[in-house]
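Structure record follows, encoded as structure tokens.
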Amino acid sequence: MEPLLILTMKWGTLYGPHYVNNLARGVRKHLNRPHRFICFTDDAEGLEPGIETFPLPELGLPAGHSDTRWRKLALFRKDLFGLQGTALFLDLDQIIVGDLTPFFDHPGPFHIIRDDDLFRSNPLRKRNPKRDAFLHSVGNSSVFRYEIGAHSYILEAFVADPDAATRDFEISQQFQSAQLAKHGHLNYWPSEWCVSFKKHCVPPHLASYFSDPTLPKGAKIVLFAGNPKMDDALERKSGVWYRRIGNVDWLKSAWAAQE
């Protein structure tokens, strides 16, 4: 059996090498199958042994276009450095807390988080039912599984007219989701697998002053959608007066991938 592929990306200076190292340790702890942990990066310094590195894949933008904010779409190249097989992509700013095996066993060609599952509902969106329905369909690209090369139509559609894509869609995951839906490939993880720290772990509003954050049953990955971001959450900084972040030792332990 070919090893499973775990992919992540690091560029610029926002995330240091410890993000990649801790994520790789979390994968080793929670995935009991042969796998390769691969980081696409412009700077491999500080990455631990066992982490494979490749250059950042090229988007292949037409002449005159140099906007690489949507560089994650390059993961859908038909030829991704010769890699083949099933891959699970993970953003760096998340913490693994449970078995990753189900992410590979779940049937279907493509799976992603439903973005709406990570946020509390916004009643104002109902004023525009068409847009509300679209936003409810959008997948959050922090965690998705795919067959390398099988969804190259996403990148091809972007490269064909990047101006239209960036005009009609606010962020790349909206464009990606629209292309997946068009081809009948947009499927979502069970909502309890990937949880938002703010929405699912921290008690709501003033209730947070009486209870500490807890891990919901069935959660496998904790994400930091919106604020607070991961570093602030680990330091118990909420950023707002009406939300307290209590003891998060369980989260710190998971981030450090301690045994």
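Values in this text are rule-based calculations from the coordinates and carry no lab data. Since the structure is predicted, the reported quantities are computational estimates derived from the model, not experimental observations. Cβ atoms come from the backbone with ideal geometry, glycine included; neighbour counts cover every protein chain shown.
One table, with the values for the structure above:
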read-out: Only Lys, Arg (+1) and Asp, Glu (-1) charged, at Cβ; the chain dipole about Cα centre in debye; value: 960
read-out: Sequence-distant lysines (8 or more away, or on other chains) whose Cα lies within less than 26 Å of LYS237; value: LYS10, LYS198, LYS199, LYS217, LYS220, LYS229, LYS252
read-out: Antiparallel content of DSSP bridges confined to the chain, in %, to 5; value: 40
read-out: Förster-model FRET efficiency, 25 Å R0, THR53 and ASP79, C-beta, rounded to 0.05; value: 0.90
read-out: Full-extension gain in nm, GLU147 to HIS183, via 0.36 nm per residue minus C-alpha separation; value: 11.5 nm
read-out: Dipole of the chain, positive direction: furthest Cα of PHE134, ALA164, LEU92, with charges on the beta-carbon; value: PHE134
read-out: Matching label, Cα extents along the principal axes in Å computed from the structure shown, candidates [x] 53, 42, 38; [y] 55, 51, 36; [z] 62, 48, 39; value: [y]
read-out: Per-pair calculated FRET efficiency, R0 = 30 Å: HIS106 and ILE171 via Cβ, rounded to 0.05; value: 0.75
read-out: Chymotrypsin sites (Phe, Trp or Tyr not before Pro) within the range 1-81, DSSP loop, no more than 14 other Cβ atoms inside 10 Å; value: TRP11, PHE81
read-out: Label-point separation in nm, LYS126 to PHE210, each point 7 Å along Cα→Cβ; value: 2.8
read-out: Inter-label distance, nm, simple model (7 Å from Cα along the C-beta direction), SER238/LYS252; value: 1.9
read-out: Cut-off 19 Å (backbone N to label point 7 Å along Cα→Cβ of ALA63), residues of the range 146-177; value: 159-163
read-out: ASP99-HIS18 pseudo-label distance in nm [points 7 Å out on the Cα-to-Cβ vector]; value: 3.2
